[in-house]
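Peer 1: I have a structure here, written as structure tokens, and I will follow up with some questions on it.
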Amino acid sequence: MNNFLELLQSAFSPPHIPLDNLLLRLVLAVALGGVVGCVYRLTQRADNPAAPSFVATLVLLCVIIAMVTQVVGDNLGRAFTLVGALSIVRFRTVVEDTRDTAFVIFAVVVGMASGLGNFWVASIGLGIVSAAAALLFWLQRYTFMAQTGDWNLLLRVSAGFGSDTPWQSLFVKHCDQTQLQSTATARQGAAVELIYKLRLKPGVTPLQFLNEMNRLEGIQNLEMKRTQQ
């Protein structure tokens, strides 16, 4: 019984952290989190610009994890208590790019290292991961790893088209590869939605392709999204 009471007391008693040490760790978390956000933004593809809210989230996440580390310390009971409290939170935002997930984990690790006072781990790890991100960005942009013009095209046409597909001639003109992914009815059967996977020819821009597609009669809606690779 006494051991159980001691466990509860240690779980809820705050750890003793010198104020100057706490401020130093949190300031370092802010600075390193800012670097993480800058690296993410500088290595983002030009056609998929970084959302300012996500960059800010990386910085705040780094600081929050540093604070969590200070609260938990080396106490196992306090760690389980905090995990139970945080499990109430539900996140609805879907991360479409796996690269974003990697940077979220990056910010978490940097914040944890800062909170524990492992300044060398945070600094050296930040430098190495940043260099790797910059190298991969360069490879994907200028070498054999460069992304091709792969897109998903959502095409909505009126149901009266039947089997006619006048857009096929534009596919041949502007695309190296085309593949029909799915078909579905829309607007209570008054329209048909087609999803194609396209690979644009070198030099063909999405805007140029959409402008020519939009000139076709009967097309109600067009939407293009780059496929994640």
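Peer 1: Quick check: anything in region 83-96 among the β-branched types (Val, Ile, Thr) and modelled with pLDDT of 85 or more?
Peer 2: No, because not a single residue in region 83-96 is among the β-branched types (Val, Ile, Thr) and modelled with pLDDT of 85 or more.
Peer 1: For region 120-140, which residues satisfy the criterion of being surrounded by 13 or more Cβ atoms within 10 Å (Cβ to Cβ) and either among the small types (Gly, Ala, Ser) or outside any helix (DSSP H, G or I) (or both)?
Peer 2: 122, 123, 125, 130, 133, 134
Peer 1: Name every residue in region 184-198 that is at pLDDT below 85 and either basic (Lys, Arg) or outside the structural domain of residue 156 (by TED's automatic domain parsing) (or both), in order of residue number.
Peer 2: Listed by number, the list holds a single entry, 187.
The values are calculated or read from the model by the stated rules, or taken from the named source; none is laboratory data. All of these numbers come straight from a predicted model, not from anything done at the bench. Positions of Cβ are backbone-derived with ideal geometry, glycine not excepted, and every protein chain shown enters the neighbour counts.
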